[in-house]
Amino acid sequence: MGNKLFINAKNNSFKKTISIDGDKSISIRTLLLGSQAVGKSQIENILLSEDIKNSINCLKKLGIKISLNKKDCFIYGRGLNGFQYKKNIVLDAGNSGTFARLILGLLIKSPYYIKLIGDKSLSKRDFQRVIFPLQKIGANFKVNNNKTLPLKIIGSNFINPIIYNEKRGSAQCKSTVMLAALNSPGQTIIRAKKSRDHTEKIFKYLGIPVIVKKKKNNDEIKIKGEKIFKSFKYRVPSDPSSCAFFIVLTLLSKNCELKIKNVNVNQTRIGYINILNKMGAKIKIKNLKIRYGERQADIIVKSQPFLKKINCPPRLNSSLIDEFLIIFLAAAKANGVSSFSNLSELNKKESPRLKLGSKLLNHLGIKTKLTKDSIKIFGDPNINIKKNISIKNYYKDHRIFMTSVIAAIIFGGKWKIYDVDSYRSSFPSFLDIIKKLGFKFKLV
């Protein structure tokens with residue numbers, strides 16, 4: 001596929017039912033835990049993005065047999081610490097911060113140094129946040145002064161259960177310690193600021209000894225290590241972060257209605273739906289069921305072009321950290337000034353998203369007021385763009401690309417958007433769904 005997308009979309013109405021690709025967070029976690037189970041595990045509807053393909057290739061380098069049949073993935077686990085360690089193994093995580101940080105927790109007993117690398121974007125992201133607790137457990141690292149990739153990790157036969165206070169609200173930090181705890185004797189205790197809790201739910205589903213006490217400001221997680229668990233079957237629900245693009249597209253368009261089937265509606269992942277409903281949307285969650293401990297449902301959204309401003313509660317930030325860019329588009333069309341604060345973590349993703357999100361809105365003619373960790377967006381309900389807009393030099397960030405495509409459809413204008421291939425890292429059917437909804441674009 002080419003590296004530029006031209007779009008001059010006319011806002012057409014639609015009434016559609018769609019399915020979205022499998023949840024990325026759950027796909028990666030089930031892969032990792034399948035590699036530690038005993039026997040053949042089956043993951044249905046796994047996300048087949050570049051991030052997942054890189055994760056599979058890394059696990060194969062560690063001696064795990066994995067096969068794919070369409071969207072079904074079969075993992076032949078070798079039990080706890082069942083990796084086949086060799087000298088000079090290099091694992092390339094590509095763009096996946098989730099896999100890169102979580103795999104380190106499973107390498108806690110490696111007898112040799114293993115090198116972990118990633119693409120240009122991932123190589124700028126902070127790894128000190130996971131290095132520190134894993135050192136406490138017993139791993140050793142060779143790393144640059146910035147504590148970024150590339151790095152090398154070597155494990156130990158003498159690893160310790162620890163008491164870990166996670167204060168960022170980072171599910172990746174919490175989860176890598178949980179995975180390391182699988183190979184730790186005794187009990188690991190984690191007190192974590194609230195964040196997505198897929199790892200806890202999958203642990204419970206697999207029968208791994210885990211106790212979770214939910215408190216007002218944090219969750220206390222206790223894990224007993226060295227517990228063997230059997231292979232499993234898991235069907236991955238649709239990714240709520242990917243759904244957000246089409247929910248906002250429907251919401252801000254005229255005479256549109258969309259139903260998205262079998263979505264992961266875990267409460268730690270749908271903060272953006274709560275925010276949009278506070279702004280005046282009437283997004284409905286229907287046919288709710290619990291599978292593997294996770295809430296799954298259909299999402300129904302109808303057009304609601306006139307939205308109210310929002311003063312976003314910072315306590316919700318961790319439940320919509322990946323969706324802020326698309327929420328900013330809703331705020332751009334809302335009536336009044338919307339405020340978002342405590343967003344320093346947003347600049348530590350694939351790109352400095354807070355800064356670039358503001359820049360994207362400025363392209364649209366929307367006034368913003370930006371600080372290092374907050375943004376005010378001066379909404380314009382009558383925004384209608386007729387100029388040419390070019391989006392490039394955005395760190396090849398997949399969410400910037402997809403947000404730009406949605407903005408082009410909603411707000412009009414003639415757009416040239418670079419780094420087309422970036423969306424493949426997380427949402428490979430994105431442009432196919434754009435076509436299904438009746439919008440045209442040109443790839444060069």
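The values are calculated or read from the model by the stated rules, or taken from the named source; none is laboratory data. Computed from a predicted structure; not experimentally measured. No Cβ is skipped: glycine too gets one built from the backbone with ideal geometry, and neighbour counts run over all protein chains shown.
In the condition set (1) surrounded by fewer than 16 Cβ atoms within 10 Å (Cβ to Cβ); (2) over 24 Å from the mean Cα position of the chain (by Cα); (3) outside the structural domain of T17 (by TED's automatic domain parsing), E257 is compliant with all but (3). Which condition does T188 not pass, out of (1) surrounded by fewer than 22 Cβ atoms within 10 Å (Cβ to Cβ); (2) within 13 Å of L134 (Cα to Cα); (3) not aliphatic (A, V, I, L, M), if it passes all the others? Going through the list (1) surrounded by fewer than 22 Cβ atoms within 10 Å (Cβ to Cβ); (2) within 13 Å of L134 (Cα to Cα); (3) not aliphatic (A, V, I, L, M), T188 breaks only (1).
Are any of the residues in region 133-151 part of a helix (DSSP H, G or I), touching a Ser or Thr at 6+ places or on another chain (Cβ under 8 Å) and among the basic types (K, R)? Within region 133-151, none of the residues are part of a helix (DSSP H, G or I), touching a Ser or Thr at 6+ places or on another chain (Cβ under 8 Å) and among the basic types (K, R). Here is a check on your reading of the model: is L320 modelled with pLDDT under 95, in contact with a helix residue (DSSP H, G or I) (Cβ under 7 Å, 6 or more places away or on another chain) and crowded, with 23+ Cβ neighbours inside 10 Å? For L320, the condition - modelled with pLDDT under 95, in contact with a helix residue (DSSP H, G or I) (Cβ under 7 Å, 6 or more places away or on another chain) and crowded, with 23+ Cβ neighbours inside 10 Å - is met. Looking only at region 255-299, which residues are of a type in the set (A, V, I, L, M, F, W, C) and not in a strand (DSSP E or B)? Residues satisfying the conditions are C256, V265, I270, I273, I275, L276, M279, A281, I283.
Close Cβ contacts (under 7 Å, 6 or more residues apart or on different chains) running from residues in region 251-271 that are closer than 15 Å to D239 by Cβ to residues that are of a type in the set (K, R) comprise V265/R295; N266/R196; N266/R295; T268/R196; R269/R196. Scanning region 193-213 for residues that are outside any helix (DSSP H, G or I) and among the basic types (K, R) returns K193, K194, R196, K213. Looking only at region 104-148, which residues are small (G, A, S) and under 24 Å from A181 (Cβ atoms)? Selection gives G105, S110, G138, A139. If you go through region 34-82 and pick out every residue that is in contact with a helix residue (DSSP H, G or I) (Cβ under 8 Å, 6 or more places away or on another chain), among the β-branched types (V, I, T), closer than 21 Å to K227 by Cα and part of a strand (DSSP E or B), you end up with 1.
Of the strands (runs of 3 or more DSSP E) that lie entirely inside region 327-444, not one contains 2 or more residues that are surrounded by fewer than 17 Cβ atoms within 10 Å (Cβ to Cβ) and not assigned by TED's automatic domain parsing to the domain that holds L316. Listed by first and then second residue, the pairs with beta-carbon distance under 8 Å, at least 6 apart or on different chains, first residue in region 296-316 and touching a residue at least 40 places away in the same chain (Cβ under 8 Å), second hydroxyl-bearing (S, T, Y) and surrounded by 19 or more Cβ atoms within 10 Å (Cβ to Cβ), are V301/T250; K302/T250; S303/T250; S303/S253; P305/S253; K309/S338. In region 233-244, the count of residues that are charged (D, E, K, R), surrounded by fewer than 17 Cβ atoms within 10 Å (Cβ to Cβ) and outside the structural domain of L106 (by TED's automatic domain parsing) is one or more. Residues that are under 22 Å from Y292 (Cα atoms) and among the charged types (D, E, K, R) were ranked within region 34-69; the one that is farthest from the chain's Cα centre (by Cα) is K40.
Answer yes or no as to whether D197 is surrounded by fewer than 20 Cβ atoms within 10 Å (Cβ to Cβ), assigned by TED's automatic domain parsing to the domain that holds G105 and touching a strand residue (DSSP E or B) at 6+ places or on another chain (Cβ under 8 Å). So D197 fails the test.
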